[in-house]
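This report refers to the structure that appears directly beneath it.
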Amino acid sequence: MNTSLVRGLIAVLALVALAGCGAMVDKQPVSPTATEAPASTPDASTTLSDTPTSASDAPRIAPRDVRKLIKDGEDVAIVDTRSLRSYEISHIEGAISLPLEEIGERHTELPDDHIIILYCT
């Protein structure tokens, strides 16, 4: 899959998947051990035509699966899409701050060779 297609897919998925995310301020520590959700991840055959049209159709990954990817040595970039203020209060260790409203203009800052995982709460 070429880089521009991947970046476009990331941007569209981010906007669809996070459309319902508000700029939540959580004063509690954020941990990848949060409530586990059913996991489904996109495979290499995912294309822009496969892009979800609603947040409920967006691919999800459970925290346990993120931990497994990291444990297995996969290159993973965890991206916090909340406001910078929320990120500064607390965030997952090692997460990159990239507020939702900036994804369109800053998505090129994300590594091409990593699995990109977005979160908003």
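Taking region 100-120 as the range and being under 11 Å from the mean Cα position of the chain (by Cα) and not aliphatic (A, V, I, L, M) as the test, the residues that pass are TYR119, CYS120.
Looking at the structure I just gave you, is THR46 modelled with pLDDT under 65 and farther than 12 Å from THR121 by Cα? Before the answer, list the steps.
On the way: modelled with pLDDT under 65: yes; farther than 12 Å from THR121 by Cα: yes.
Yes; evaluated as a whole, the condition is true for this residue.
Every test in (1) under 19 Å from ALA55 (Cβ atoms); (2) touching a strand residue (DSSP E or B) at 6+ places or on another chain (Cβ under 7 Å) is passed by PRO111 save one, and that test is (1).
Looking only at region 51-100, count every residue that is part of a loop (DSSP other than H, G, I, E, B) and not polar (S, T, N, Q) and tell me the total.
Qualifying residue count for the region: 17.
Listed by first and then second residue, the pairs with beta-carbon distance under 7 Å, at least 6 apart or on different chains, first residue in region 93-118 and at pLDDT 95 or above, second part of a strand (DSSP E or B) and hydroxyl-bearing (Ser, Thr, Tyr), form an empty list.
The values are calculated or read from the model by the stated rules, or taken from the named source; none is laboratory data. Computed from a prediction, not measured in an experiment: that's the story for all the values here. Note: ideal-geometry Cβ built from the backbone for every residue, glycine included; neighbour counts use all protein chains shown.
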